[in-house]
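Let me begin by presenting the structure, written as structure tokens, before commenting on it.
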């Protein structure tokens, strides 16, 4: 491990251990976590993802404008959209860039399906959508968002080197001064990151360097999503673990002879949980 990485980890330890002001219990947030809008499959993952504690650490509050980047199947959408509806806030999901002429038909259909899934305003309020991708325009009016959340996306952007810098610049531009960039990512530490993180595990130093390059300041780190059982040496990378549970490379087929017991016992990955702030 490089001297720079060791220095960063030491600084992170100090940040993580530094006493923080205890936020008042947010009953509306707890209600959203326990709410009827959530699917059974997503609620079943709460023991690994710690939704209330994670969102409270990031600083989610009533009346905020929150942009979530590439929300996947909507683990956080099911919580944050009803929460925004209940507290006078705004939830916006980034989705496939419909302005990109090279966008695949599958990506277009995926976005349409996601929008349809969260179209019930009585349940989710008015969910906003914004294009996001390698060629996308700004995420919104400069300085208009209180928080940008990216969960388990950064490893993907490392496979397209310009994308990480573009993403961070987009986040910085749309956030208000004092706004928060909230990050959750599979953590390679203490071992080195393998190349461009094709196994899904990213070094904390990589994330911090990219955010700082864009102008962000690291405000705090939490171990809320740490998993010391994760050995990070799995045959199909992080996707060997739940919830993906690959038994073959790429996960498109299943190997019935693959022994899943060891990996299911580990649970979901060890993850960094970071809070960056736009100065001002």
Take the conditions crowded, with 19+ Cβ neighbours inside 10 Å and at pLDDT below 95 and apply them to residue 80. Does it pass? no
Which residues, counting only those in the stretch 174-197, are surrounded by fewer than 22 Cβ atoms within 10 Å (Cβ to Cβ), assigned to a loop (DSSP other than H, G, I, E, B) and in contact (Cβ under 8 Å) with a residue 24 or more places away in the chain? 189, 190, 191, 192, 196
Restrict the check to the stretch 221-239 and report whether at least one residue is assigned to a strand (DSSP E or B), surrounded by 17 or more Cβ atoms within 10 Å (Cβ to Cβ) and touching a strand residue (DSSP E or B) at 6+ places or on another chain (Cβ under 8 Å). yes
Hey, among 247, 273, which residue is surrounded by 14 or more Cβ atoms within 10 Å (Cβ to Cβ) and either touching a residue at least 24 places away in the same chain (Cβ under 8 Å) or in contact with a strand residue (DSSP E or B) (Cβ under 8 Å, 6 or more places away or on another chain) (or both)? 273
Within the stretch 198-209, residues being in a loop (DSSP other than H, G, I, E, B) and surrounded by 19 or more Cβ atoms within 10 Å (Cβ to Cβ) number 4
If a residue has to be modelled with pLDDT of 95 or more, within 22 Å of residue 222 (Cα to Cα) and assigned to a loop (DSSP other than H, G, I, E, B) to count, how many in the stretch 12-38 make the cut? 1
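The values are calculated or read from the model by the stated rules, or taken from the named source; none is laboratory data. None of these values were measured; they are calculated from a predicted model. Every residue, glycine as well, gets a Cβ built from its backbone with ideal geometry; the counts of neighbours run over all protein chains shown.
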